[in-house]
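K.L.:
One structure, pasted below without further comment.
The values are calculated or read from the model by the stated rules, or taken from the named source; none is laboratory data. Just so we're clear, the structure is a prediction, and the values are computed from it rather than from any experiment. Cβ coordinates were reconstructed from backbone atoms using ideal geometry, including for glycine residues, and neighbour counts include every protein chain displayed.
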Amino acid sequence: MEAVPGCNHLYRRGAVYWFRRRVPGDVAKSLGTSQWRLSLGTKDFDEAKRLARLRSVSTDQQITVVRARNMGKVSPPLSKQEAEKLAQSWIADVLEWDEAFRLGRPGEIKSAALWLEEEAANYRETLGTLDTAAVAQEVAETLAKAGLWYPSGDPSRNQIALALLKARVRLVELMERRLGGEVVEVATPVIMSPAPSLPVGMTVAELVAAFRAERVARHGEESTDRKYSHIFSGLEEALGNSKPIRSITRADIREVRTLLQRVPKFATRRYPGLTLSEAAERADEDGGERIAPTTVNTYLQNLAAVFNWAVGEELLDRNPAQGMALSASPNVQRRGFTTEELQRLFNGMAPLAEGEQPWRFWIPALALFSGARAGELAALRKADFVIIDGVQCMRFTKFDDRGRRIEGRSLKTEASARTVPIHRAVLDAGLMDYVATLADHSGLAFPSLQPGPDGKASHYLSKWFGDFRQDMGVGDPATPFHSFRHGFRDATREAGIPGEIADMLGGWTTQGIATQYGNKGRVALLSRELAKVSYAPFTLPLPAPPRTPLDALPKDRRT
């Protein structure tokens with residue numbers, strides 16, 4: 001299906017035009033779908049544009065209705081005349097559908113006549129008894145199409161229900177005339193002016209609530225609060241809960257940024273129960289240390305993510321927080337490990353390969369000789385160790401062997417998806433002997449590494465490594481686990497490996513000459529270049545033969 005340039009939501013499959021539109025995340029659950037997708041039934045471009053515009057208006061109104069309902073925002077009351085216009089539009093829609101369905105199908109007149117025979121008496125009876133429940137479905141659909149929402153029992157719902165009861169009887173009369181051979185013109189549907197679009201009036205508080213709900217559903221409450229609680233508080237304190245988000249300017253974002261710069265370190269622990277502004281004032285009095293500029297920038301990036309989400313959900317046309325990060329230098333410049341530091345670390349980690357937490361040796365060893373990220377390595381499965389043309393490789397992917405998405409698996413960038421050879425030093429240390437002890441082919445390669453509060457196994461990996469290197473006398477704050485990645489980059493340069501090849505090995509990018517090779521040729525190329533990586537005079541120590549991991553043993557054999 002090919003998008004038609006310059007036409008919103010209009011696509012073409014072959015010669016036929018289609019309407020296709022993503023349903024905003026905060027609306028999708030209520031509508032039970034993530035996408036509107038339907039054929040417009042025409043090959044004519046101008047007609048397709050007209051129909052697509054009508055569908056765009058209709059879906060805009062559905063979005064408005066769902067958001068209004070979710071937030072309890074009732075539409076303006078319906079007058080009798082407005083209800084009758086909506087009912088007339090409903091009649092026109094049904095007649096238009098009947099005409100389109102039966103055109104060129106003369107045999108369908110029998111079906112139409114049978115429907116008329118069955119429903120005529122029913123429609124007249126429900127009008128006579130004023131049974132509004134009989135048109136509940138029509139009421140819901142008609143209001144949604146008009147972009148209106150009223151709670152159950154609202155007088156406007158009764159108004160439109162009565163109009164539709166009458167409209168059904170008029171429809172029967174018109175259908176009887178049409179089936180009898182009379183000309184029944186299809187009146188042009190009356191398109192009511194859409195109700196005031198909710199996004200125009202969406203407030204800061206509503207944006208925070210909508211974004212938080214979606215992120216909690218995807219990433220959990222702990223992760224959302226940890227990364228965004230200061231952002232939410234900063235927005236609401238600096239701009240106010242009731243400020244419409246479409247009125248937010250870059251000057252407003254600068255106010256939020258100024259507040260975040262004043263937030264003291266460990267604010268919630270040091271000043272429990274206080275707002276960010278109150279905590280900042282207390283820190284002014286106490287001389288308390290503020291959060292680092294790099295932390296402020298992280299918050300600003302998350303703030304930009306909130307507004308990017310709003311743009312994607314068509315709540316905003318632009319992102320007012322884009323490019324508002326501070327131009328500050330980091331307090332710490334990360335680096336790779338020195339030879340002496342590597343010797344200390346791996347002399348301490350080698351014995352751990354035969355313990356109950358073998359990942360404490362294998363993940364750092366793989367990181368040192370591949371440059372892979374902590375999260376990538378922690379998420380590896382046994383099935384991710386593969387042989388291509390005789391080369392032992394590991395693959396970082398979001399999909400299993402059948403092409404299905406692996407639950408909970410994510411990659412930082414598109415370039416992160418890659419298949420790379422495993423360095424001979426790690427293979428000689430016995431990595432594949434360890435992998436062979438894993439019972440579950442589709443299970444995790446390091447099952448004893450438990451996920452953290454954020455659901456990611458890299459949480460405890462990073463925490464453990466930070467404590468471990470301190471114990472080993474490698475306490476420089478410039479050497480977190482990510483230093484393995486920095487060191488690998490340096491090692492590729494020292495080995496004279498072309499930048500494009502190094503980028504592919506480490507998942508920095510997939511652009512350049514290396515992409516000209518096929519998968520098989522690429523693995524051979526990467527393997528030849530990876531073999532050049534060395535940290536001499538450091539050599540990876542050989543651990544003792546691996547034991548079967550505790551998690552792989554039957555419960556009755558665990559001790």
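K.L.:
In the stretch 324-347, what residues are surrounded by fewer than 18 Cβ atoms within 10 Å (Cβ to Cβ) and at pLDDT 85 or above?
P.N.:
Arg335, Thr338, Thr339, Glu340, Gln343, Arg344, Asn347
K.L.:
Counting only residues that are surrounded by 14 or more Cβ atoms within 10 Å (Cβ to Cβ) and in a loop (DSSP other than H, G, I, E, B), which one in the stretch 169-186 is modelled with the lowest pLDDT?
P.N.:
The extreme case among them is Val186.
K.L.:
Another question about this same structure. Identify the single condition in (1) in contact (Cβ under 8 Å) with a residue 12 or more places away in the chain; (2) loosely packed, with under 15 Cβ neighbours inside 10 Å that Lys110 does not satisfy, given that it satisfies every other one.
P.N.:
(1)
K.L.:
Anything in the stretch 491-518 that is among the β-branched types (Val, Ile, Thr) and either crowded, with 20+ Cβ neighbours inside 10 Å or modelled with pLDDT of 80 or more (or both)? List them, or say none. Lay out the reasoning, then the answer.
P.N.:
Of the residues in the stretch 491-518, the ones among the β-branched types (Val, Ile, Thr) are 492, 497, 501, 509-510, 513, 515.
Once the filter is applied, which keeps residues that are among the β-branched types (Val, Ile, Thr) and either crowded, with 20+ Cβ neighbours inside 10 Å or modelled with pLDDT of 80 or more (or both), the stretch 491-518 yields Thr492, Ile497, Ile501.
K.L.:
(1) farther than 22 Å from Ser534 by Cα; (2) assigned to a strand (DSSP E or B): which one isn't true of Asp401, the others all being true?
P.N.:
(2)
K.L.:
Looking at the stretch 80-100, can you tell me whether even one residue there is under 30 Å from Trp149 (Cβ atoms), loosely packed, with under 12 Cβ neighbours inside 10 Å and touching a residue at least 60 places away in the same chain (Cβ under 8 Å)? Reasoning before the result, please.
P.N.:
First, pick out the residues of the stretch 80-100 that are under 30 Å from Trp149 (Cβ atoms): 80-98, 100.
From the residues that got through so far, the ones that are loosely packed, with under 12 Cβ neighbours inside 10 Å too are 80-81, 97, 100.
The next check asks that each one be touching a residue at least 60 places away in the same chain (Cβ under 8 Å); those that pass are 80.
Yes.
K.L.:
Looking only at residues that are among the small types (Gly, Ala, Ser) and in a helix (DSSP H, G or I) in the stretch 211-225, which one is nearest to the chain's Cα centre (by Cα)?
P.N.:
In this case the residue turns out to be Ala217.
K.L.:
Something else now. Got a sec? Which of Val57, Val74 is modelled with pLDDT under 80 and part of a helix (DSSP H, G or I)? Talk me through it step by step, then tell me what you get.
P.N.:
Values: Val74 fails: part of a helix (DSSP H, G or I).
After ruling out the rest, the residue left standing is Val57.
K.L.:
Output the residues belonging to the stretch 113-149 that are farther than 19 Å from Leu95 by Cβ and modelled with pLDDT under 85.
P.N.:
Within the stretch 113-149, Ala140, Leu143, Ala144, Gly147, Leu148, Trp149 qualify.
K.L.:
Given the residues Ile291, Ile231, which is the only one that is β-branched (Val, Ile, Thr) and within 21 Å of the chain's Cα centre (by Cα)? Lay out the reasoning, then the answer.
P.N.:
Working: Ile291 fails: within 21 Å of the chain's Cα centre (by Cα).
The match here is Ile231.
K.L.:
Criterion first (of a type in the set (Gly, Ala, Ser), surrounded by fewer than 17 Cβ atoms within 10 Å (Cβ to Cβ) and more than 27 Å from Ser79 (Cβ to Cβ)) does Ala140 satisfy it? It would help to see each step written out before you state the result.
P.N.:
Working: of a type in the set (Gly, Ala, Ser): yes; surrounded by fewer than 17 Cβ atoms within 10 Å (Cβ to Cβ): yes; more than 27 Å from Ser79 (Cβ to Cβ): no.
So Ala140 does not fit the description; no.
K.L.:
I'm checking my understanding of the structure. Among residues of the stretch 187-228 that are closer than 30 Å to Glu125 by Cα and of a type outside the set (A, V, I, L, M, F, W, C), which one is modelled with the highest pLDDT? Before the answer, list the steps.
P.N.:
Initially, the stretch 187-228 is screened for residues closer than 30 Å to Glu125 by Cα, giving 187-192.
From the residues that got through so far, the ones that are of a type outside the set (A, V, I, L, M, F, W, C) too are 188-189.
Numbers: Thr188: 53, Pro189: 49.
The qualifying residue modelled with the highest pLDDT is Thr188.
K.L.:
A further question follows. For the stretch 457-464, indicate whether the set of residues that are surrounded by fewer than 19 Cβ atoms within 10 Å (Cβ to Cβ), assigned by TED's automatic domain parsing to the domain that holds Asn347, touching a residue at least 40 places away in the same chain (Cβ under 8 Å) and of a type outside the set (Ser, Thr, Tyr) is non-empty.
P.N.:
Scanning the stretch 457-464 turns up at least one residue that is surrounded by fewer than 19 Cβ atoms within 10 Å (Cβ to Cβ), assigned by TED's automatic domain parsing to the domain that holds Asn347, touching a residue at least 40 places away in the same chain (Cβ under 8 Å) and of a type outside the set (Ser, Thr, Tyr).
K.L.:
Among (1) closer than 30 Å to Arg53 by Cβ; (2) at pLDDT below 90, which single condition is Gln159 missing?
P.N.:
So Gln159 meets the others, but not (2).
K.L.:
Tell me which helices (runs of 4 or more DSSP H) are completely within the stretch 316-398 and hold 1 or more residues being among the aromatic types (Phe, Trp, Tyr), or say none if there are none. Can you show your working first?
P.N.:
Working: elements: 339-349, 359-370, 374-378.
Correct list: 339-349, 359-370.
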